[in-house]
Amino acid sequence: MENFVVSARKYRPSTFDTVVGQSSITTTLKNAIKNNHLAQAFLFCGPRGVGKTTCARILAKTINCFTKTAAVEACDECESCKSFNSGHSLNVYELDAASNNSVDDIRNLVDQVRLAPQLGTHKVYIIDEVHMLSQAAFNAFLKTLEEPPKHAIFILATTEKHKIIPTILSRCQIFDFKRIQVDDISKHLESIAQKEGITAEPEALHIIAQKADGGLRDALSIFDQIVSFAGNNVKYQAVIENLNVLDYDYYFKAIDFALANDISGNLLLLNEVIGKGFDGHQFIVGLGEHVRNILVGKDPQTIQLLEVVGSIREKYQQQSAKCDVPSLIRWLGVINKTELSYKSSKNARLQLELCLIQLSTVSNSKVEIAPQDNAATVVVAKPAAAVVPVQQAAPPLQKTEPPAVSPTPPVVSATPTPQPASILEKKSILKTPSISQFMGGAKKDTKQEVETKEPSTQNLPTTNFTEEQMQAAWADFTKIQQQSGKVNLYTTLASQKPLLKENYQLEFSVENKVQEDVLDEIRLDLLEFLRKKLNNYSLSLQVVVKRDLSEKKAYTSSDRFKKMAEKNPLINKLKQQFDLEVDF
C-alpha cells in the first residue's frame with residue numbers, strides 16, 4: 001500500500017513564485033537577495049496557514065543556492081539545493097520554540113551560531129512559534145540577535161506578534177502576512193484538482209475556501225477530507241453535507257418569505273433547519289451575512305465585496321432588486337440584536353422565531369407624509385388584514401374655543417374655503433391648535449417691528465469701506481458689550497464673523513432662534529454704531545439661523561415612534577391591536 005501524502009505537504013511551495021497570496025512579501029525578499037540587502041533578522045507574523053514557515057524555508061534555500069535563476073529562485077540542481085531538498089542541509093537549523101523555550105535551549109543555539117557554514121555562504125536559523133519563548137530566553141537571545149556573526153541569519157515566525165517583547169521587535173525586519181483571499185484559495189484548489197485528476201464544481205471549491213478562513217493549509221486539509229468522502233467527483237451538495245454548512249437556498253427562501261410577509265413559511269423553514277441538526281447560532285450568523293450581501297449587491301460599486309461565485313452572485317442581484325435599503329437596514333438591526341441575545345437566552349429557539357416574525361412583519365414598510373396644509377398623514381404599508389380605516393378608528397376631535405386672553409381677537413375669514421371631508425377629518429385628528437390660538441392671537445413679528453422703527457437714511461453719507469474695517473468695527477462693538485457685562489450678547493457676537501455682501505449688506509450667522517432673538521433686541525443700536533463708525537448709512541444687517549436646536553430631534557427609534565404617535569394616535573392603537581413591539 002502506497003503511503004499517502006497530504007496535499008498540504010505534497011503541494012507545499014518550493015519557490016517564491018509558487019507562494020499563494022503573498023506577492024508583496026515574496027517580491028521584497030527576492031529584491032533583498034538580488035541586491036544583497038539581507039537583514040540579520042526577520043520576523044514573519046500572521047495567522048495560521050498563510051505561508052510563514054514556507055517562506056522562511058524558501059528564503060534559507062535561495063540564499064545558499066550557488067546558481068540562482070534570473071528570477072532570483074533556487075536552481076534545485078546545485079549541491080546546496082539537493083541537500084536542502086533531502087533534509088540533510090547543515091546550513092539550515094529549525095527550532096520549535098513551543099517545546100524548546102528555556103534559557104538552555106537558547107544558549108545551545110547561541111553556541112552553534114559561532115560555527116561557520118561548511119557549504120554555502122550563510123547559516124539560517126528558523127525559530128517557529130517564537131512568542132512561546134520565556135522572558136529569560138528572550139533576554140539571553142537579545143545580544144546575539146542584535147550582533148550575530150556575518151554568516152548567520154535569523155528568521156522568526158509567530159502567530160501572536162503582540163506577545164513578543166519590544167526589544168526583539170526592534171532588532172528584526174517585520175513582515176506581516178495577510179489572510180489569503182477566497183478567490184486565490186479557490187484557484188489554487190482548482191489547479192491541484194486538475195493535477196490529481198479530480199472533477200470539482202466551482203461552487204464546491206468556493207465553499208471550501210470560505211470555510212478555511214484565509215488559511216491555505218486548512219483549505220488543503222478540508223479538500224483532502226472531501227475527496228475521501230466524495231471520491232474524484234467533488235460536488236457542491238457533498239461539500240455542504242460533509243462540512244455541515246447551510247445551503248444558500250435556505251437564506252434566499254427566508255428572505256423571500258419575509259418579503260411576502262409569510263410568517264408561517266419562515267417558521268417551517270426554521271424547523272427544517274433545526275431538524276437537520278444545524279446550530280441555531282450558525283443559522284442567525286449566516287442570515288446576517290446573507291442580508292449584508294443583499295445590501296452590498298444593490299450598489300454596482302460595492303458588488304465586488306461579494307465573495308461568491310458567479311451563479312450565486314446573480315441570485316443576490318436578483319433578490320436585492322426586490323428589497324429596499326431601509327428594510328435591509330432594519331433587518332440587520334433585528335438580526336444583530338438576536339445574535340447578541342441568543343447565547344444568554346434560556347429559550348434560544350424562541351429568539352430565532354421572534355427574529356423571523358419581525359423580519360416578516362416589518363419588510364418593505366414605508367412612511368409617507370402627505371403635504372396637505374402642513375398636516376402629516378402616516379401611511380404604513382402592511383398586509384391587507386392589518387389596514388384599519390381612519391374614519392372608523394377614531395372619531396374627529398371637536399375643536400373647542402379657549403377663552404381669549406389678549407384684548408385683540410384673532411381675525412377670522414368671513415367666507416372660508418370649502419375643503420373635502422377627508423382632509424378636514426385628517427386635520428381634526430392630526431393637527432392640534434397652536435399656542436398662539438390659545439393665547440388669543442398670533443405672536444408679533446419682532447423683525448417687522450424693528451424694520452418699521454428704523455429711521456430714514458436718505459441724504460446721508462455712504463462711504464466705501466473694506467471688510468477688514470467692518471470686522472474691526474464689529475469687534476469694537478463686541479468689546480463694549482463685554483465691558484457692559486452682557487455675557488450672552490458678547491458670546492453671540494464673538495461666536496462668528498459677519499460677511500460683507502453686495503450693496504453694503506452684512507450677513508451674520510447664528511446657531512439657533514434664541515441667539516436671533518438676542519440680536520433683534522440690539523439690532524438698531526448695532527446698526528447705528530456700525531454706520532457711524534464706518535460713515536456709511538446704507539449699511540444693513542441680515543441675521544441667518546444656521547440650525548435650530550430648540551426643537552428636540554428624534555435620533556433614536558423610541559423618539560421617532562413617539563413623534564409619529566403624537567401626530568397620529570392610530571399608530572398606538574395599531575401597536576396595541578397586533579401586540580407589536582418597537583426596537584429601542
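The values are calculated or read from the model by the stated rules, or taken from the named source; none is laboratory data. Owing to the predicted nature of the structure, the values given are computational and were not obtained by experimental measurement. As a convention, Cβ positions derive from the backbone with ideal geometry for all residues, glycine included, and neighbour counts pool all protein chains shown. All accessible areas refer to the heavy atoms of the entire protein, side chains included, with ligands and DNA or RNA removed. Shrake-Rupley method; radii C 1.70, N 1.55, O 1.52, S 1.80 Å.
What is the local net charge at Ala137, summed over the other residues whose Cβ is closer than 12 Å to its Cβ (Lys, Arg +1; Asp, Glu -1)?
Around Ala137, the surrounding residues sum to -1.
Obtain the nm distance between the two label points defined at Gln577 and Lys346 by a simple spin-label model: each point lies 7 Å from its Cα along the Cα-to-C-beta direction.
A separation of 3.5 nm, rounded to one decimal place.
Just to confirm a number: summing +1 for Lys and Arg and -1 for Asp and Glu over residues other than Leu109 whose beta-carbon lies under 14 angstrom from that of Leu109, what do you get?
Neighbour charge sum, excluding Leu109 itself: -2.
Amide H to amide H, which residues 5 or more places from Phe177 or on other chains are under 5 Å from it, using H placed in the peptide plane?
Excluding prolines and chain starts, which carry no amide H, the hits are Cys45, Gly46.
What FRET efficiency comes out for Gln237 versus Ile357 if R0 is 30 angstrom and r is the Cβ-Cβ distance? Round to the nearest 0.05.
According to the calculation, E is roughly 0.50.
Give, in whole angstrom and from largest to smallest, the semi-axes √(5λ) of the equivalent ellipsoid of segment 1-109, with λ running over the eigenvalues of the Cα gyration tensor.
22, 20, 17
What FRET efficiency comes out for Gln318 versus Gln505 if R0 is 51 angstrom and r is the Cβ-Cβ distance? Round to the nearest 0.05.
Calculated transfer efficiency: 0.35.
Would you mind getting the accessible area per residue of segment 33-73, heavy atoms of the protein chains only, 1.4 Å probe, in Å²?
Normalised by residue count, the accessible surface of segment 33-73 is 38 Å².
Simple spin-label model, 7 Å along Cα-to-Cβ: His151 to Asp183 in nm?
4.7
Report in % the part of the accessible area of segment 457-523 that belongs to carbon and sulfur, leaving out ligands and nucleic acids; probe 1.4 Å.
Percent of accessible area from carbon and sulfur atoms in segment 457-523: 46.
List every residue whose amide H lies under 5 Å from the amide H of Glu94, counting only residues 5 or more places away in sequence or on a different chain, with H placed 1.01 Å from N in the peptide plane.
Residues meeting the criterion, in which the H sits 1.01 Å from N, are Ile126.
For an R0 of 56 angstrom, estimate the FRET efficiency from the Cβ-Cβ distance between Ile522 and Leu259 and round to the nearest 0.05.
Efficiency computed from Cβ-Cβ geometry: 0.40.
Enumerate the amide H contacts of Ala200 below 5 Å, restricted to partners 5 or more residues apart or on another chain; note that Pro and chain-start residues carry no placed amide H.
Val234
Which ³J(HN,Hα) values in Hz, rounded to whole numbers, follow from the phi angles of segment 244-253 under the Karplus curve 6.51 cos²θ - 1.76 cosθ + 1.60, where θ = phi - 60° and Gly and Pro get x?
6, 9, 6, 5, 4, 4, 4, 6, 4, 5
Can you compute the label reach from Ala71? Point 7 Å from Cα along the Cβ direction, backbone N cut-off under 19 Å, restricted to segment 16-53.
Residues 16-35 fall inside that zone.
Could you tell me what percent of the accessible area of segment 57-133 is made up of carbon and sulfur, with a 1.4 Å probe and every protein chain present?
Answer for segment 57-133 is 48 percent, counting heavy atoms of protein chains only.
In whole percent, how big is the carbon plus sulfur part of the accessible area of segment 243-353, probe 1.4 Å, protein atoms only?
Summing carbon and sulfur atoms, their accessible area is 54 percent of the total for segment 243-353.
Could you tally the net charge around Ala475, taking each other residue with its Cβ under 13 Å from the Cβ of Ala475, Lys/Arg +1 and Asp/Glu -1?
0
Taking a virtual spin label 7 Å from the Cα of Glu79 along the C-beta vector, which residues in segment 100-133 bring their backbone nitrogen under 16 Å of it?
The answer is 117-122.
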